[in-house]
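Input: a single structure, listed below in C-alpha coordinates.
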Amino acid sequence: MTATLLDREGATHTGVDRTAIESRLSSGEFFWLDFEGTEPDDFAMLRDVFHFHPLALEDSEQFGQRPKLEEYDDFVFFVVYGAAPPPDVDRLVEVHIFYSESYLVTVRREHAPSCHELRERYSKKPGQLERPIVVLYRLVDSLSDSFFPALEDYDERIDGVEDEIFQGPREEQLQEIVRMKRSLNRLRRVVGPQRDLASQLFGGAAVLPGSDAEAERYFRDIFDHLIRVADLIDSYKDLLTGAMDVYLSTVSNRLNVVIQRLTVIATLALPLIVITGFFGQNFGFLVRHINGWPAFVGYGIVAPLLLFAVLIAYLKRRDLA
(Lines give C-alpha, C1' and ligand atoms only; values in the text may rest on other atoms or scores of the structure.)
Protein backbone atom coordinates (compact mmCIF):
# COMPACT_ATOMS: atom_id res chain seq x y z
CA MET A 1 0.00 0.00 0.00
CA THR A 2 1.34 3.43 -0.97
CA ALA A 3 0.55 6.14 1.59
CA THR A 4 0.72 9.84 0.72
CA LEU A 5 0.12 12.53 3.32
CA LEU A 6 -0.98 16.11 2.64
CA ASP A 7 -0.39 18.27 5.69
CA ARG A 8 -2.07 21.46 6.84
CA GLU A 9 0.41 23.62 4.91
CA GLY A 10 -0.25 21.81 1.63
CA ALA A 11 3.04 19.91 1.62
CA THR A 12 3.03 16.33 0.32
CA HIS A 13 4.85 13.52 2.15
CA THR A 14 5.27 10.00 0.81
CA GLY A 15 6.27 6.87 2.65
CA VAL A 16 4.87 8.08 5.99
CA ASP A 17 5.11 5.67 8.92
CA ARG A 18 3.08 5.06 12.02
CA THR A 19 5.15 7.38 14.20
CA ALA A 20 4.62 10.37 11.87
CA ILE A 21 0.87 9.80 11.77
CA GLU A 22 0.63 9.44 15.56
CA SER A 23 2.55 12.71 15.93
CA ARG A 24 0.13 14.55 13.64
CA LEU A 25 -2.88 13.09 15.40
CA SER A 26 -1.48 14.31 18.71
CA SER A 27 -0.94 17.82 17.35
CA GLY A 28 -4.57 18.07 16.30
CA GLU A 29 -3.71 19.58 12.91
CA PHE A 30 -5.84 18.45 10.01
CA PHE A 31 -4.21 16.27 7.33
CA TRP A 32 -5.22 14.08 4.40
CA LEU A 33 -3.79 10.56 4.29
CA ASP A 34 -4.32 8.78 0.98
CA PHE A 35 -3.72 5.01 0.66
CA GLU A 36 -3.43 3.56 -2.85
CA GLY A 37 -3.40 -0.22 -3.06
CA THR A 38 -4.66 -2.69 -0.51
CA GLU A 39 -2.61 -5.09 1.62
CA PRO A 40 -4.15 -6.72 4.71
CA ASP A 41 -1.15 -5.95 6.93
CA ASP A 42 -1.43 -2.20 6.37
CA PHE A 43 -4.96 -2.06 7.76
CA ALA A 44 -3.47 -2.76 11.15
CA MET A 45 -2.21 0.84 11.19
CA LEU A 46 -5.73 2.13 10.65
CA ARG A 47 -6.90 -0.03 13.53
CA ASP A 48 -4.08 0.66 16.00
CA VAL A 49 -3.33 4.32 15.24
CA PHE A 50 -6.74 5.75 14.33
CA HIS A 51 -8.74 3.28 16.45
CA PHE A 52 -11.50 3.07 13.90
CA HIS A 53 -14.58 1.04 14.71
CA PRO A 54 -14.22 -2.66 13.77
CA LEU A 55 -17.28 -2.51 11.50
CA ALA A 56 -15.85 0.49 9.62
CA LEU A 57 -12.51 -1.30 9.24
CA GLU A 58 -14.25 -4.40 7.96
CA ASP A 59 -16.11 -2.32 5.38
CA SER A 60 -12.92 -0.54 4.33
CA GLU A 61 -11.28 -3.87 3.48
CA GLN A 62 -14.19 -5.08 1.33
CA PHE A 63 -14.41 -3.54 -2.14
CA GLY A 64 -17.36 -3.81 -4.48
CA GLN A 65 -19.79 -2.15 -2.07
CA ARG A 66 -22.60 0.23 -2.92
CA PRO A 67 -22.10 3.94 -2.07
CA LYS A 68 -23.08 4.60 1.52
CA LEU A 69 -22.55 6.80 4.57
CA GLU A 70 -22.17 5.54 8.14
CA GLU A 71 -21.83 7.75 11.21
CA TYR A 72 -19.69 6.74 14.17
CA ASP A 73 -18.81 8.50 17.43
CA ASP A 74 -15.97 10.70 16.20
CA PHE A 75 -15.82 10.08 12.45
CA VAL A 76 -17.92 9.35 9.38
CA PHE A 77 -17.26 6.51 6.94
CA PHE A 78 -18.09 6.90 3.23
CA VAL A 79 -18.02 4.63 0.22
CA VAL A 80 -18.01 6.74 -2.96
CA TYR A 81 -17.14 6.13 -6.59
CA GLY A 82 -15.51 8.07 -9.38
CA ALA A 83 -14.66 7.37 -13.01
CA ALA A 84 -11.47 5.52 -13.80
CA PRO A 85 -9.50 6.25 -16.98
CA PRO A 86 -9.39 3.71 -19.83
CA PRO A 87 -8.47 0.94 -20.35
CA ASP A 88 -10.25 0.14 -17.07
CA VAL A 89 -13.04 -2.32 -17.91
CA ASP A 90 -15.89 -0.92 -15.82
CA ARG A 91 -14.56 2.69 -15.76
CA LEU A 92 -15.13 2.84 -11.97
CA VAL A 93 -12.83 3.48 -9.03
CA GLU A 94 -14.05 2.84 -5.49
CA VAL A 95 -12.84 5.12 -2.68
CA HIS A 96 -13.37 4.52 1.05
CA ILE A 97 -13.25 7.66 3.18
CA PHE A 98 -12.79 8.18 6.91
CA TYR A 99 -13.55 11.77 7.82
CA SER A 100 -13.37 13.90 10.96
CA GLU A 101 -12.31 17.47 11.71
CA SER A 102 -8.78 16.17 12.43
CA TYR A 103 -8.13 13.97 9.42
CA LEU A 104 -9.30 12.74 6.04
CA VAL A 105 -8.23 9.16 5.26
CA THR A 106 -8.92 7.67 1.84
CA VAL A 107 -8.39 4.01 0.94
CA ARG A 108 -8.58 2.78 -2.65
CA ARG A 109 -7.42 -0.20 -4.60
CA GLU A 110 -6.94 1.48 -7.98
CA HIS A 111 -5.56 4.66 -9.44
CA ALA A 112 -7.99 7.57 -8.98
CA PRO A 113 -7.13 10.63 -11.09
CA SER A 114 -9.53 12.77 -9.06
CA CYS A 115 -7.57 12.15 -5.85
CA HIS A 116 -4.22 12.86 -7.48
CA GLU A 117 -5.42 16.01 -9.20
CA LEU A 118 -6.96 17.41 -6.01
CA ARG A 119 -3.84 16.66 -3.98
CA GLU A 120 -1.61 18.27 -6.60
CA ARG A 121 -3.87 21.31 -6.68
CA TYR A 122 -3.48 21.78 -2.95
CA SER A 123 0.28 21.15 -3.03
CA LYS A 124 0.73 23.85 -5.71
CA LYS A 125 -1.45 26.34 -3.85
CA PRO A 126 0.50 28.30 -1.21
CA GLY A 127 -0.89 28.63 2.30
CA GLN A 128 -2.91 26.44 4.59
CA LEU A 129 -5.53 23.97 3.51
CA GLU A 130 -9.16 24.93 3.52
CA ARG A 131 -11.50 23.84 6.27
CA PRO A 132 -11.77 20.04 6.68
CA ILE A 133 -15.39 20.02 5.50
CA VAL A 134 -14.36 21.95 2.38
CA VAL A 135 -11.59 19.44 1.61
CA LEU A 136 -14.15 16.63 1.94
CA TYR A 137 -16.53 18.47 -0.37
CA ARG A 138 -13.87 19.01 -3.01
CA LEU A 139 -12.91 15.33 -2.91
CA VAL A 140 -16.47 14.03 -3.27
CA ASP A 141 -17.24 16.69 -5.88
CA SER A 142 -14.14 15.80 -7.88
CA LEU A 143 -15.04 12.09 -7.84
CA SER A 144 -18.64 12.80 -8.85
CA ASP A 145 -17.69 15.21 -11.64
CA SER A 146 -15.25 12.66 -13.08
CA PHE A 147 -18.26 10.84 -14.53
CA PHE A 148 -18.90 13.63 -17.05
CA PRO A 149 -15.71 13.11 -19.16
CA ALA A 150 -16.30 9.36 -19.10
CA LEU A 151 -19.84 9.83 -20.39
CA GLU A 152 -18.58 12.14 -23.14
CA ASP A 153 -16.50 9.22 -24.40
CA TYR A 154 -19.68 7.13 -24.61
CA ASP A 155 -21.44 9.93 -26.51
CA GLU A 156 -18.72 10.08 -29.15
CA ARG A 157 -18.51 6.31 -29.48
CA ILE A 158 -22.29 5.90 -29.85
CA ASP A 159 -22.29 8.42 -32.70
CA GLY A 160 -19.43 6.57 -34.33
CA VAL A 161 -21.17 3.19 -34.07
CA GLU A 162 -24.36 4.58 -35.59
CA ASP A 163 -22.41 5.98 -38.57
CA GLU A 164 -20.65 2.65 -39.04
CA ILE A 165 -23.96 0.77 -38.97
CA PHE A 166 -25.36 2.90 -41.80
CA GLN A 167 -22.22 2.23 -43.85
CA GLY A 168 -22.45 -1.51 -43.26
CA PRO A 169 -23.63 -3.52 -40.24
CA ARG A 170 -21.13 -5.97 -38.75
CA GLU A 171 -21.23 -8.36 -35.81
CA GLU A 172 -18.51 -6.36 -34.01
CA GLN A 173 -20.79 -3.33 -33.84
CA LEU A 174 -23.53 -5.30 -32.09
CA GLN A 175 -21.00 -6.67 -29.61
CA GLU A 176 -19.75 -3.16 -28.84
CA ILE A 177 -23.29 -1.90 -28.30
CA VAL A 178 -23.91 -4.70 -25.80
CA ARG A 179 -20.61 -3.97 -24.01
CA MET A 180 -21.44 -0.27 -23.69
CA LYS A 181 -24.93 -1.04 -22.38
CA ARG A 182 -23.49 -3.32 -19.72
CA SER A 183 -20.92 -0.70 -18.73
CA LEU A 184 -23.61 1.97 -18.48
CA ASN A 185 -25.71 -0.37 -16.34
CA ARG A 186 -22.77 -0.73 -13.94
CA LEU A 187 -22.41 3.05 -13.81
CA ARG A 188 -26.14 3.45 -13.18
CA ARG A 189 -26.04 0.99 -10.27
CA VAL A 190 -23.36 3.17 -8.66
CA VAL A 191 -24.62 6.66 -9.50
CA GLY A 192 -28.11 6.04 -8.13
CA PRO A 193 -27.00 5.15 -4.57
CA GLN A 194 -24.31 7.85 -4.65
CA ARG A 195 -26.97 10.42 -5.53
CA ASP A 196 -28.98 9.21 -2.51
CA LEU A 197 -25.85 9.50 -0.37
CA ALA A 198 -25.34 13.10 -1.52
CA SER A 199 -28.92 13.91 -0.56
CA GLN A 200 -28.07 13.00 3.04
CA LEU A 201 -25.27 15.58 3.20
CA PHE A 202 -27.66 18.51 3.37
CA GLY A 203 -30.93 19.12 5.15
CA GLY A 204 -29.87 17.48 8.41
CA ALA A 205 -30.25 13.85 7.26
CA ALA A 206 -26.62 13.17 8.29
CA VAL A 207 -24.40 15.12 10.67
CA LEU A 208 -20.90 15.77 9.35
CA PRO A 209 -18.22 17.12 11.69
CA GLY A 210 -17.59 20.79 10.95
CA SER A 211 -20.55 21.13 8.56
CA ASP A 212 -22.71 24.24 8.46
CA ALA A 213 -25.39 25.81 6.27
CA GLU A 214 -22.85 27.08 3.73
CA ALA A 215 -21.25 23.63 3.39
CA GLU A 216 -24.66 22.04 2.90
CA ARG A 217 -25.28 24.34 -0.07
CA TYR A 218 -22.16 22.96 -1.75
CA PHE A 219 -23.15 19.36 -1.03
CA ARG A 220 -26.52 20.11 -2.58
CA ASP A 221 -24.61 21.09 -5.72
CA ILE A 222 -23.03 17.59 -5.77
CA PHE A 223 -26.51 16.13 -5.53
CA ASP A 224 -27.55 18.18 -8.56
CA HIS A 225 -24.50 16.99 -10.52
CA LEU A 226 -25.30 13.34 -9.79
CA ILE A 227 -28.89 13.84 -10.96
CA ARG A 228 -27.50 15.11 -14.27
CA VAL A 229 -25.13 12.13 -14.47
CA ALA A 230 -28.01 9.70 -13.89
CA ASP A 231 -30.09 11.43 -16.58
CA LEU A 232 -27.19 11.27 -19.05
CA ILE A 233 -26.71 7.56 -18.39
CA ASP A 234 -30.40 6.90 -19.02
CA SER A 235 -30.33 8.94 -22.25
CA TYR A 236 -27.23 7.09 -23.51
CA LYS A 237 -28.87 3.76 -22.72
CA ASP A 238 -31.84 4.87 -24.84
CA LEU A 239 -29.47 5.87 -27.65
CA LEU A 240 -27.82 2.44 -27.52
CA THR A 241 -31.21 0.76 -27.64
CA GLY A 242 -32.02 2.86 -30.71
CA ALA A 243 -28.66 1.97 -32.28
CA MET A 244 -29.36 -1.72 -31.70
CA ASP A 245 -32.78 -1.34 -33.35
CA VAL A 246 -31.13 0.39 -36.33
CA TYR A 247 -28.60 -2.45 -36.59
CA LEU A 248 -31.29 -5.14 -36.51
CA SER A 249 -33.47 -3.24 -38.99
CA THR A 250 -30.55 -2.75 -41.38
CA VAL A 251 -29.63 -6.43 -41.21
CA SER A 252 -33.28 -7.39 -41.75
CA ASN A 253 -33.60 -5.07 -44.76
CA ARG A 254 -30.45 -6.48 -46.33
CA LEU A 255 -31.76 -9.99 -45.79
CA ASN A 256 -35.05 -9.05 -47.43
CA VAL A 257 -33.20 -7.68 -50.47
CA VAL A 258 -31.21 -10.90 -50.80
CA ILE A 259 -34.34 -13.02 -50.49
CA GLN A 260 -36.11 -10.87 -53.08
CA ARG A 261 -33.24 -11.31 -55.55
CA LEU A 262 -33.16 -15.05 -55.00
CA THR A 263 -36.92 -15.18 -55.51
CA VAL A 264 -36.60 -13.34 -58.83
CA ILE A 265 -33.84 -15.71 -59.97
CA ALA A 266 -35.92 -18.74 -59.00
CA THR A 267 -38.95 -17.30 -60.79
CA LEU A 268 -36.96 -16.63 -63.95
CA ALA A 269 -35.60 -20.16 -63.90
CA LEU A 270 -39.06 -21.66 -63.48
CA PRO A 271 -40.02 -21.61 -67.22
CA LEU A 272 -36.80 -23.40 -68.09
CA ILE A 273 -37.52 -25.99 -65.45
CA VAL A 274 -41.07 -26.44 -66.74
CA ILE A 275 -39.95 -26.75 -70.38
CA THR A 276 -37.18 -29.15 -69.44
CA GLY A 277 -39.62 -31.26 -67.54
CA PHE A 278 -42.08 -31.10 -70.41
CA PHE A 279 -39.58 -32.34 -72.99
CA GLY A 280 -38.32 -34.92 -70.59
CA GLN A 281 -41.67 -36.70 -70.71
CA ASN A 282 -41.73 -39.75 -72.94
CA PHE A 283 -45.12 -38.97 -74.62
CA GLY A 284 -45.93 -40.37 -78.07
CA PHE A 285 -46.84 -36.91 -79.42
CA LEU A 286 -43.40 -35.56 -78.61
CA VAL A 287 -41.68 -38.59 -80.06
CA ARG A 288 -43.68 -38.42 -83.33
CA HIS A 289 -43.70 -34.64 -83.94
CA ILE A 290 -40.31 -33.37 -82.72
CA ASN A 291 -38.21 -35.10 -85.29
CA GLY A 292 -36.18 -32.24 -86.75
CA TRP A 293 -34.51 -28.92 -86.10
CA PRO A 294 -37.53 -26.67 -86.92
CA ALA A 295 -39.78 -28.43 -84.40
CA PHE A 296 -37.03 -28.52 -81.79
CA VAL A 297 -36.29 -24.79 -82.22
CA GLY A 298 -40.00 -23.95 -82.13
CA TYR A 299 -40.88 -26.00 -79.09
CA GLY A 300 -37.54 -25.99 -77.27
CA ILE A 301 -36.22 -22.44 -77.83
CA VAL A 302 -38.89 -20.06 -79.13
CA ALA A 303 -41.63 -21.18 -76.74
CA PRO A 304 -39.41 -20.83 -73.60
CA LEU A 305 -38.17 -17.42 -74.77
CA LEU A 306 -41.71 -16.17 -75.32
CA LEU A 307 -42.76 -17.44 -71.91
CA PHE A 308 -39.66 -15.86 -70.39
CA ALA A 309 -40.45 -12.47 -72.05
CA VAL A 310 -44.05 -12.59 -70.82
CA LEU A 311 -42.87 -13.33 -67.31
CA ILE A 312 -40.33 -10.46 -67.37
CA ALA A 313 -43.01 -8.04 -68.56
CA TYR A 314 -45.34 -9.19 -65.81
CA LEU A 315 -42.66 -8.79 -63.10
CA LYS A 316 -41.72 -5.31 -64.32
CA ARG A 317 -45.34 -4.26 -64.32
CA ARG A 318 -45.59 -5.43 -60.72
CA ASP A 319 -42.25 -3.72 -59.79
CA LEU A 320 -40.78 -7.06 -58.82
CA ALA A 321 -37.85 -6.99 -61.20
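The values are calculated or read from the model by the stated rules, or taken from the named source; none is laboratory data. These figures come from a predicted structure and were not determined experimentally. No Cβ is skipped: glycine too gets one built from the backbone with ideal geometry, and neighbour counts run over all protein chains shown. Ligands, DNA and RNA are excluded from the accessible area calculation, which covers all protein heavy atoms including side chains. Shrake-Rupley method; radii C 1.70, N 1.55, O 1.52, S 1.80 Å.
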_Distance in nm between pseudo-label sites at residue 260 and residue 235 (7 Å out along the Cβ direction from Cα)_ = 3.7 nm
_the chain: most fluctuating residue of 216, 172, 94 per GNM, C-alpha cutoff 10 Å_ = 172
*Nearby lysines by direct alpha-carbon distance to residue 237 (threshold 22 angstrom, same-chain neighbours under 8 apart not counted)*: 181
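Measure off, as a whole percent, the carbon and sulfur share of the 1.4 Å-probe accessible area of the chain, all protein chains present. Don't skip to the end; give the middle numbers.
Values: 9550 of 17470 Å².
Whole-percent figure for carbon plus sulfur exposure: 55.
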*Percent of beta bridges antiparallel (DSSP, the chain, rounded to nearest 5)*: 80 percent
*Run the quick spin-label model on residue 73 and residue 170: label points 7 Å from Cα toward the beta carbon, then report their separation in nm to one decimal.*
6.3 nm
*Relative to the longest principal axis of the chain, what angle (0 to 90°, nearest 10) does the C-alpha long axis of helix 147-167 take?*
10 degrees
*Taking the chain as a Gaussian network, Cα atoms linked when under 10 Å apart, which of 272, 92, 184 shows the biggest mean-square fluctuation?*
272
*Any idea what angle helix 132-145 forms with the longest principal axis of the chain, computed on alpha-carbon atoms, 0 to 90 degrees, nearest 10?*
10 degrees
_Please check: in the Gaussian network model of the chain (C-alpha springs, under 10 Å), which one of 93, 161, 258 has the largest mean-square fluctuation._
258
*Give the residue from 35, 46, 306 lying farthest towards the positive end of the charge dipole for the chain; charges sit on Cβ (+1 for Lys and Arg, -1 for Asp and Glu) and the dipole is referred to the Cα centre.*
306
*By its C-alpha gyration tensor, with a ≥ b ≥ c as the square roots of the eigenvalues, how is segment 1-56 shaped: rounded for a/c under 1.5, else prolate for a/b larger than b/c, else oblate?*
oblate
*Quote the accessible area belonging to residue 164 in square angstrom, nearest 10, computed with a 1.4 Å probe and with ligands, DNA and RNA left uncounted.*
50 Å²
*So for the pair residue 228, residue 297, with labels modelled 7 Å out along Cα→Cβ, what separation do we get in nm?*
8.5 nm
*Determine the gain in length on full extension of the stretch residue 253-residue 19; use 0.36 nm per residue of separation and subtract their C-alpha separation, reporting nm with one decimal.*
77.1 nm
_Fully extended contour minus Cα-Cα distance, from residue 317 to residue 66, at 0.36 nm per residue_ = 83.8 nm
*By per-residue mean of other Cβ atoms within 10 Å, what is the highest-first order of 306-314, 95-103?*
95-103, 306-314
*Helix 303-317 versus the longest principal axis of the chain: what angle, 0 to 90°, nearest 10, using Cα atoms?*
40 degrees
*Heavy-atom accessible area per residue - the chain, 1.4 Å, Å²*: 54 Å²
*When the solvent-accessible surface of protein heavy atoms is calculated with a 1.4 angstrom probe, in what order do 229, 264 fall, highest first?*
264, 229
